[in-house]
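Asker: Have a look at this one before I ask anything.
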Amino acid sequence: MKTKETVIYKDKASITAYTNELKQDNKIVGLVPTMGALHKGHMSLIETSINTCDETIVTIFVNPLQFGPNEDLDKYPREFEEDYKKCYQSGVAAIFYPSEEEMYPRGRQNNFIVSPPEIYTKKLCGEFRPGHFDGVATVVTKLFNIIPAQKAFFGQKDAQQLFIIRQMIKDLDIPIEIIICPTEREADGLACSSRNKNLDPDSRQIAPKLYESLQFVFDNYLIGNTDFTELSTMAKKEILEKFSKIQLEYFAAYDYNKLGAVKTLTPNTLIAIAAKIGGVRLIDNILIK
Ligand code: AMP
């Protein structure tokens, strides 16, 4: 718990100067990029940063570049005052809370884009959200440049995003260490997500079925069945297809070192799922260690 004020920066130059001052004082700065509506998942990233770095900077920016034209940009929850309180109570040193104009002064369409290779984007979420990972890679690159922290904290829940960011910093020689944090869940197993706030009560009740399906595959893997095709077919039949509200986008197994599809479950396989439930898009995954 901290007593020091959490400073809000809305302009790039000031947060860059602030970060550089901290570094000149030999402080290790942790960066936690978010789109706000902070939940337990975000707070675990923030706590990990606070526990392992000298100062923590959280960014809150609903990045329009990563939303497609028919996606939920307008409906995405925004609750800065509550977010501020949570950051303050956790001991966050500063929040970067820029406007869209501050981030994209020449407009969304006219900004240079960081575009990850298609081998990483034409699958899983990228297949259903064309351009999404260009938007993610662009904003994350900008945030790394604006806030030159030594460490940045990301959640395993967004596994494809994490994979792409880790490849990106290698390929583009961006000097930052990525720290991966495990997925935080609600008591019934549903992965925490800002979008959970948009679920109607019925959809909220059904939503844990995604994790249940992942867990079904994982539990069977643990007792020796490694055939993902068989297990996913069973999970679909026994769990997912019982709920007409679940519009499955993918239920897939990928080699997490290369992001290539696999049929046999082994250590380092990412079992991932995405579905719309009552119009709200949710994702989740289990990584076999
Ligand atoms: P977002 O605000 O959804 O862009 O997420 C910001 C960061 O929080 C990303 O690194 C996410 O992977 C991470 N995150 C989101 N949900 C969770 C969760 N349930 N558990 C852990 N990290 C999460």
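For (1) hydroxyl-bearing (S, T, Y); (2) not in a helix (DSSP H, G or I), each residue gets a yes or a no:
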site: Y18; (1), (2): yes, no
site: K23; (1), (2): no, no
site: V58; (1), (2): no, yes
site: D72; (1), (2): no, yes
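Asker: For region 263-289, which residues satisfy the criterion of being surrounded by fewer than 18 Cβ atoms within 10 Å (Cβ to Cβ), within 21 Å of I119 (Cα to Cα) and either touching a Ser or Thr at 6+ places or on another chain (Cβ under 7 Å) or free of Cβ contacts under 8 Å to residues at least 12 places away in the same chain (or both)?
Answerer: Here is the first cut: in region 263-289, the residues surrounded by fewer than 18 Cβ atoms within 10 Å (Cβ to Cβ) are 263-264, 266-268, 276, 278-279, 288-289.
Right, trim to within 21 Å of I119 (Cα to Cα) and you get 263-264, 268.
Residues satisfying the conditions are K263, T264.
Asker: Out of all the residues in region 82-91, is one or more surrounded by fewer than 16 Cβ atoms within 10 Å (Cβ to Cβ) and among the small types (G, A, S)? Spell out how you get there, then give the answer.
Answerer: Step one: of region 82-91, the residues surrounded by fewer than 16 Cβ atoms within 10 Å (Cβ to Cβ) are 82, 85, 89.
After this cut, where a residue has to be among the small types (G, A, S) as well, the list is none.
Checked against the condition, which is being surrounded by fewer than 16 Cβ atoms within 10 Å (Cβ to Cβ) and among the small types (G, A, S), region 82-91 yields no hits at all.
Asker: Kindly list, by first and then second residue, each pair from a residue in region 154-175 that is within 16 Å of I119 (Cβ to Cβ) and more than 12 Å from the ligand (Cβ to nearest atom) to a residue that is part of a helix (DSSP H, G or I) and of a type in the set (G, A, S), limited to pairs with Cβ atoms under 6 Å and residues at least 6 apart or on different chains.
Answerer: Pairs found: M168/A137.
Asker: Using the structure shown, decide if T52 is polar (S, T, N, Q) and either crowded, with 16+ Cβ neighbours inside 10 Å or within 15 Å of the chain's Cα centre (by Cα) (or both). Spell out how you get there, then give the answer.
Answerer: Numbers: polar (S, T, N, Q): yes; either crowded, with 16+ Cβ neighbours inside 10 Å or within 15 Å of the chain's Cα centre (by Cα) (or both): no.
Spelling it out, it is not the case that T52 is polar (S, T, N, Q) and either crowded, with 16+ Cβ neighbours inside 10 Å or within 15 Å of the chain's Cα centre (by Cα) (or both).
Asker: Out of E21, E5, E47, which single residue is surrounded by fewer than 22 Cβ atoms within 10 Å (Cβ to Cβ), among the charged types (D, E, K, R) and within 15 Å of the ligand (Cβ to nearest atom)?
Answerer: Just one listed residue meets the conditions, E47.
Asker: Filter region 212-245 down to the residues that are of a type in the set (S, T, Y) and in a helix (DSSP H, G or I), then identify the one that is farthest from K276 (Cα to Cα). Please lay out each step first, then the result.
Answerer: Taking region 212-245 first, the residues of a type in the set (S, T, Y) are 213, 221, 226, 229, 232-233, 244.
Now drop any that are not in a helix (DSSP H, G or I), which leaves 213, 221, 229, 232-233.
Numbers: S213: 15, Y221: 26, T229: 22, S232: 18, T233: 19 Å.
Out of the qualifying residues, it is Y221.
Asker: Moving on to the next point. How about region 1-50: which of its residues are within 21 Å of S194 (Cβ to Cβ) and small (G, A, S)?
Answerer: G30, G36, A37, G41, S44, S49
Asker: State yes or no: is Y250 surrounded by 14 or more Cβ atoms within 10 Å (Cβ to Cβ), part of a helix (DSSP H, G or I) and not acidic (D, E)?
Answerer: no
Asker: Residues being within 14 Å of the ligand (Cβ to nearest atom) and either assigned to a helix (DSSP H, G or I) or in contact with a strand residue (DSSP E or B) (Cβ under 7 Å, 6 or more places away or on another chain) (or both): count how many of those fall in region 176-211. It would help to see each step written out before you state the result.
Answerer: Taking region 176-211 as the starting set, the residues that turn out to be within 14 Å of the ligand (Cβ to nearest atom) are 176, 178-198, 207-208, 210-211.
Still in the running and either assigned to a helix (DSSP H, G or I) or in contact with a strand residue (DSSP E or B) (Cβ under 7 Å, 6 or more places away or on another chain) (or both): 176, 178-181, 183, 185, 191-198, 207, 210-211.
Total satisfying the criteria: 18.
Bear in mind that the values in this text are calculations on the coordinates, not laboratory data. Computed from a predicted structure; not experimentally measured. Cβ sites come from the backbone with ideal geometry, for glycine too, and all protein chains shown count toward neighbours.
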